[in-house]
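Participant: Supplied in structure tokens, the structure appears directly below.
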Amino acid sequence: MSKLKYFLALNRAIREEMSRDENVVLIGEDVGESGGIFSQTRGLYNEFGELRVRDTPIAEGGFVTMAVGAAATGLRPVIEIGFGDFVTACMDGLVNQAAKLRYMLGGQVKVPLVLYTFSGGGLAAGPQHSQCLESWFAHIPGLKVISPSTPMDLLGLFKTAIRDDDPVICFLGKQLVGTSGDVPQDTKDYLIPLGKADVKIEGKDITIVTFSQMTPIVMKVAESLKSNNGINAEVIDLRSISPLDIETVIKSVSKTGSLCVVQESQSPCSVASEVISKVVEYDSKILFKNPLRITPPFTPSPFSPNLENIYRPSQVSIESKILKLFQ
Amino acid sequence: MTKIDSTLAKTLLEKLWEVRLFEENTSRLYKEGVLPGFVHLSLGQEACAVGACQALQESDFITSTHRGHGHCIAKGADLNRMMSELYGKETGYSKGRGGSMHIADVNAGILGANGIVGQSTTLAIGAALSFQTKKLDNVVLAFFGEGASGSGAVHEAMNIAGIWKLPVIFFCESNKYAELSPFDVHVPIKNISDRSKGYGFKGITIDGNNLVDVYSNVLEAVKLARNGNGPTLIEAKTNRWHGHYEGDPQKYKPSSELDEKNWDDPIIKFQDFIKKEKIISETEIDKIKEIVDKKIIEAIKFAEQSKNPSAEILLEDVYASDF
Ligand SMILES: Cc1ncc(C[n+]2csc(CCOP(=O)(O)OP(=O)(O)O)c2C)c(N)n1
């Protein structure tokens, strides 16, 4: 094991896969010579050259569908969209093309592409630069969605995503960019299967499901609940949003009898809604308490740190909502 | 050439300094950690904002970009409320909900800065559509960058505006870089303005650091648009002195461009012009800067003394009607 920063785990995953398979190409705004706004693509242009690492114009609507066409004809594009909010500019490419081409064309093609983007708030970036839109894509058959919270998960899931024959959308946490964590050192094949959640902390009193940059916050909540209130929370990091590892959640809730989902996107029609529905459909009797969603209110993400702190689930707000369940 | 009398020269110079000093102070405050989030400054591009907006009437509209402070100041936004918004305070234009990238003053004809690249042009043709439909003789000026020019939105906006002869001016600030990438990464031709041919309207490339050029060319375009003759594409070649955002290490720029001595200063250019033409005296020129200096200090004080937004503000204005 060695320590690696989150953004460098992304860099390593792309580098290893580009070395392994010459069909892997990297496409996006400022991914080339400049090495990206967080230095996330540093060195790749020099190593793999201008045919395989392409700076695009600001034309998400064009180059994402271009990547679909390229994927259908033998390349394995990795695409960067800087901020998660800008996926709105390439929805057709993802929803009507990438997700459906294989199905519509009678299975004659596959669309092996990975689109990654930095999403979430906490940086006072305002309403158009802070959103979490992962549940939109989890709603679309044909797409896979991942959202890793640690450098290790990022490395393993991203490499799997590149090798996967279907379109995968990867939501990275903006606040996680500079965080550090252990990664395996002497392998170029560290893979984590898509659709497998990770039990971060074991506990018997409540299951807290979360993902991406809410994970480290929820882990702090669990520690505090344990030391201050004697409540043992089991923390599950979903890692994959679609496919969703509901078995791991159900197993946990069968033990704890209580379920809370913490996420950074609004609650209607979201990942939290889906997790709770699936558990209730499985057997509502395993729940001894009402399930709980902890999410921002139904408003855009505000700029002012003062408001953003109220808007986003925080250690304090999550804790107090969970404690109410135990009153 | 357009005549610049002493009243106009004073107004223009005052606006130039307002933009310059607002941006310089924003840069300082950001570095000091006072301002949250991130900011994109228009230092070096002052003549574009000021020249273009001076050619408009108060009831005309502009749409702006992530780099919008200059545009908003030039079109008449209040410095206090702008600064307050940058601080995230309740007295800001968006009550602290928008920040630097979303300054708007609809009464002053500012339909808002916007964080989604390219959409200033599409929103602009919408405002132009309103004017045309209501048979008003107002016009809309859309600021955008050469980076934005590569987006589908800009193509669609220009094509629609060309077909319907909408009263719009597409004003491209061609400042050599989009984020970290130089012009030729985004644009396969030398001048963006050449593209207007494909949409059936006029296009020109001008020196965006020359205020008089900007002003007179936009005046011309406004006249066309107001008279029902449709859009013009103006590409103003200019320079972004600072990084894409404050704090950007700018490793992608050659060192000559980072050296202040080499910066083509639109304010010095304009001051030299008014001195040469003896339009206003040197003492008056100096006085203008002093006055603006005070206004900016006032704006900062106003922002500092304003309250943080209260929790209810988070929930307001999501919908105009009941939900
Ligand atoms: C649709 C969209 N894609 C990408 C971005 C990220 N981004 C913000 S500014 C920018 C560069 C814009 O360049 P340009 O239009 O030339 O304006 P300038 O920054 O030079 O003023 C990019 C890529 C964005 N905000 N919106």
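Participant: Cβ neighbours within 10 Å, averaged per peptide: list B:163-170, A:148-155 in order, most packed at the top. It would help to have the intermediate numbers written out before the result.
Facilitator: Numbers: B:163-170: 23.9, A:148-155: 25.6.
Per-residue mean Cβ counts within 10 Å order the peptides as A:148-155, B:163-170.
Participant: Calculate how many DSSP beta bridges within the protein assembly as shown are antiparallel, expressed in % of all such bridges and rounded to the nearest 5. Mind dumping the intermediate values first?
Facilitator: Numbers: 12 of 67 bridges.
If we restrict to bridges inside the protein assembly as shown, about 20 percent are antiparallel.
Participant: For the range A:1-69, which GluC sites (Glu not before Pro) pass both filters: DSSP loop (anything but H, G, I, E, B) and at most 13 other C-beta atoms within 10 Å?
Facilitator: Details: sites: A:GLU16, A:GLU17, A:GLU22, A:GLU29, A:GLU33, A:GLU47, A:GLU50, A:GLU60; in loops: A:GLU22, A:GLU29, A:GLU33, A:GLU50.
Loop-located and lightly packed - A:GLU22, A:GLU50.
Participant: The protein assembly as shown: percent of C-alpha pairs farther apart than 33 Å? Intermediate results must be reported in sequence, preceding the final value.
Facilitator: Working: 107082 of 210925 pairs.
For the protein assembly as shown, the fraction of Cα-Cα distances above 33 Å is 51 percent.
Participant: For the range B:277-291, in order, what is each residue's ³J(HN,Hα) by Karplus, 6.51 cos²θ - 1.76 cosθ + 1.60 with θ = phi - 60°, in whole Hz (x at glycine and Pro)?
Facilitator: Working through the residues one at a time gives 7, 6, 7, 9, 7, 4, 5, 5, 4, 5, 4, 4, 4, 4, 4 Hz.
Participant: Hey, what did the range A:2-183 get for relative contact order, percent, Cα under 8 Å, at least 6 apart?
Facilitator: Values: 371 pairs, mean separation 49.8, N = 182.
Rounded, it is 27 percent for the range A:2-183.
Participant: When Cβ neighbours within 10 Å are restricted to other protein chains, what is their mean count per residue of peptide B:28-36? Walk me through the numbers on the way to the answer.
Facilitator: Working: counts 0, 0, 0, 0, 0, 0, 0, 1, 9.
Other-chain Cβ atoms within 10 Å of each residue's Cβ, averaged: 1.
Participant: Within 10 Å of each Cβ in B:95-103, how many Cβ atoms from other chains are there, averaged over the peptide? Walk me through the numbers before you get to the answer.
Facilitator: On the way: counts 4, 7, 11, 7, 9, 3, 6, 4, 0.
Mean shielding by partner chains, rounded to a whole number: 6.
Participant: I've got another one for you. As an exercise, find the ratio Rg/Rh for the range B:209-249 from alpha-carbon atoms, using the Kirkwood inverse-distance average for Rh. Write out the running numbers ahead of the final one.
Facilitator: On the way: Rg = 15.0 Å, Rh = 12.4 Å.
Dividing the radius of gyration by the Kirkwood radius yields 1.21.
Participant: To continue, here is another question. In square nanometres and to one decimal, what's the mean projected area of the convex hull around the Cα atoms of the range B:248-292? Walk me through the numbers on the way to the answer.
Facilitator: On the way: hull surface 18.4 nm².
Over every viewing direction, the Cα hull of the range B:248-292 projects on average to 4.6 nm².
Participant: Excluding residues fewer than 8 places away in the same chain, name every one of the aspartates and glutamates whose C-alpha is closer than 13 Å to that of A:LYS204.
Facilitator: A:GLU234
Participant: Do the sum for the protein assembly as shown: with -39,500 (n - 2.57) for every DSSP H run of n ≥ 4, divided by all residues, what is the mean residue ellipticity at 222 nm, to the nearest 500 deg cm²/dmol?
Facilitator: Per the formula, -12000 deg cm²/dmol.
Participant: Explain nothing, just the number: dipole magnitude of the range A:10-129 about its Cα centre with +1 on each Lys and Arg Cβ and -1 on each Asp and Glu Cβ, in debye rounded to the nearest 20. Before the final figure, lay out each step's value.
Facilitator: Details: 10 positive and 14 negative charges, 92 e Å.
Dipole of the range A:10-129, to the nearest 20 debye: 440 debye.
Participant: Let me ask something additional. Using the Cα atoms as the points, what is the convex hull volume per residue of the range A:2-183 in Å³? It would help to have the intermediate numbers written out before the result.
Facilitator: Numbers: hull volume 18.5 nm³, N = 182.
Taking the convex hull of the Cα positions in the range A:2-183, it is 102 Å³ per residue.
Participant: Relative contact order (percent) for the range A:54-121, with alpha-carbon contacts under 8 angstrom and 6 or more residues of separation? Could the numbers behind the result be given before it?
Facilitator: Values: 83 pairs, mean separation 29.2, N = 68.
Computed over the range A:54-121, the figure is 43 percent.
Participant: Which residue, B:ASN80, B:ASN227, B:ASN175, has the most motion in a Gaussian network model of chain B that connects Cα atoms within less than 10 Å?
Facilitator: Highest fluctuation among the options: B:ASN227.
Participant: Stokes-Einstein at 4 °C, 1.567 mPa s, Kirkwood radius from Cα pairs: D for the range B:184-262 in µm² s⁻¹?
Facilitator: Numbers: Rh = 14.9 Å.
For the chosen part, D equals 87 µm²/s.
Participant: Choose one answer from B:ASP272, B:ASP105, B:ASP293: the residue with the largest mean-square fluctuation in a GNM of chain B with alpha-carbon springs under 10 Å.
Facilitator: Among B:ASP272, B:ASP105, B:ASP293, the largest GNM mean-square fluctuation belongs to B:ASP272.
Participant: About the Cα centre of the protein assembly as shown, what is the dipole size in debye to 20, counting +1 per Lys and Arg Cβ and -1 per Asp and Glu Cβ, all else neutral? Could you put the intermediate results ahead of the total?
Facilitator: Working: 69 positive and 80 negative charges, 145 e Å.
Its charge dipole is roughly 700 debye.
Participant: Per 10 Å bin, what percent of the C-alpha pairs of the range B:129-262 does each bin hold, from zero upward?
Facilitator: Here the calculated profile for the range B:129-262 is 12, 40, 30, 14, 4, 0.
Participant: Out of all DSSP beta bridges in the range A:2-183, what portion is antiparallel? Express it as a percent rounded to 5. Present the calculation step by step, with values, prior to reporting the outcome.
Facilitator: Values: 4 of 26 bridges.
Once the DSSP bridges in the range A:2-183 are tallied, antiparallel ones form about 15 percent.
Participant: Right, something else. Equivalent-ellipsoid semi-axes (√(5λ), Cα gyration tensor) for chain A, whole Å, largest first?
Facilitator: Working: eigenvalues 224, 85, 74 Å².
So the three semi-axes of chain A are 33, 21, 19 Å.
Participant: Here is a follow-up. Once the convex hull of the C-alpha atoms of the range B:1-54 is built, how many Å³ does it hold per residue, rounded to a whole number? Can you show the working numbers first?
Facilitator: On the way: hull volume 4.3 nm³, N = 54.
It is 79 Å³ per residue.
Participant: Got the relative contact order for chain A handy, in percent, Cα pairs under 8 Å and 6 or more residues apart?
Facilitator: On the way: 712 pairs, mean separation 52.9, N = 327.
About 16 percent, as a whole number.
Participant: Of B:LEU35, B:ASN229, B:VAL168, which is farthest on the positive side of the dipole of chain B, counting Cα position, with +1 on Lys and Arg Cβ, -1 on Asp and Glu Cβ, and the Cα centre as origin?
Facilitator: Toward the positive end, the furthest listed residue is B:ASN229.
Participant: Among B:SER100, B:LEU141, B:PHE22, which residue has its Cα positioned farthest towards the positive end of the charge dipole of the range B:6-305, with +1 placed on the Cβ of Lys and Arg, -1 on the Cβ of Asp and Glu, and the dipole taken about the Cα centre?
Facilitator: So the residue furthest toward the plus end is B:LEU141.
Participant: How long are the three semi-axes of the equivalent ellipsoid for the range B:6-305, computed from the Cα gyration tensor as the root of 5 times each eigenvalue, in whole Å, largest first?
Facilitator: Working: eigenvalues 150, 90, 89 Å².
Sorted largest first and rounded, they come to 27, 21, 21 Å.
Participant: Now for a separate question. Counting only other chains, what is the mean number of Cβ atoms within 10 angstrom of the Cβ of each residue in peptide B:148-155?
Facilitator: Working: counts 3, 3, 7, 7, 7, 5, 2, 3.
Average per residue, whole number: 5.
Participant: For the range B:159-206 and the range B:72-110, compute the distance between their C-alpha centroids and round to whole Å.
Facilitator: Each part reduced to its Cα centre gives a spacing of 28 Å.
Participant: Can you pick out the pairs among A:LYS5/A:LYS159; B:LYS31/B:LYS294; B:LYS31/B:LYS75; B:LYS202/B:LYS253 whose Cα atoms lie more than 24 Å from each other?
Facilitator: B:LYS31/B:LYS75; B:LYS202/B:LYS253
Participant: For chain B, set up a Gaussian network in which alpha carbons nearer than 10 Å are linked by springs, and say which option among B:SER151, B:SER94, B:SER42 fluctuates the most.
Facilitator: B:SER151
Participant: Placing +1 on the Cβ of each Lys and Arg and -1 on the Cβ of each Asp and Glu in chain B, which of B:ILE313, B:GLN54, B:LEU79 has its Cα farthest towards the positive end of the resulting dipole?
Facilitator: Most positive-ward Cα: B:GLN54.
Participant: Moving on. Using a simple charge model, +1 on the beta-carbon of Lys and Arg, -1 on the beta-carbon of Asp and Glu, nothing else, what dipole does chain B show about its Cα centre, in debye to the nearest 20? Don't jump to the answer; show the numbers that get you there.
Facilitator: Working: 37 positive and 44 negative charges, 128 e Å.
Using Cβ point charges on Lys, Arg, Asp and Glu, chain B gives about 620 debye.
Participant: Could you tell me which of the pairs B:LYS223/B:LYS295; B:LYS15/B:LYS176; A:LYS110/A:LYS196; B:LYS176/B:LYS261; B:LYS197/B:LYS276; B:LYS10/B:LYS89 are separated by over 28 angstrom between their Cα atoms in the structure shown? Provide the component values of the computation, followed by the final result.
Facilitator: Working: B:LYS223/B:LYS295 33 Å; B:LYS15/B:LYS176 24 Å; A:LYS110/A:LYS196 23 Å; B:LYS176/B:LYS261 18 Å; B:LYS197/B:LYS276 37 Å; B:LYS10/B:LYS89 32 Å.
Table pairs above 28 Å Cα-Cα are B:LYS223/B:LYS295; B:LYS197/B:LYS276; B:LYS10/B:LYS89.
Participant: Okay, moving on. Report, in whole Å, the centroid distance computed from the Cα atoms of the range A:260-327 and the range B:1-64.
Facilitator: If you average the Cα positions of each part, the centres end up 44 Å apart.
Computed from the coordinates by the stated procedures, all read-outs in this text should not be read as laboratory data. Just so you know, these numbers come straight off a predicted model, no measurement behind them. So basically every Cβ, Gly included, is an ideal-geometry build from the backbone, and we count neighbours across all protein chains shown.
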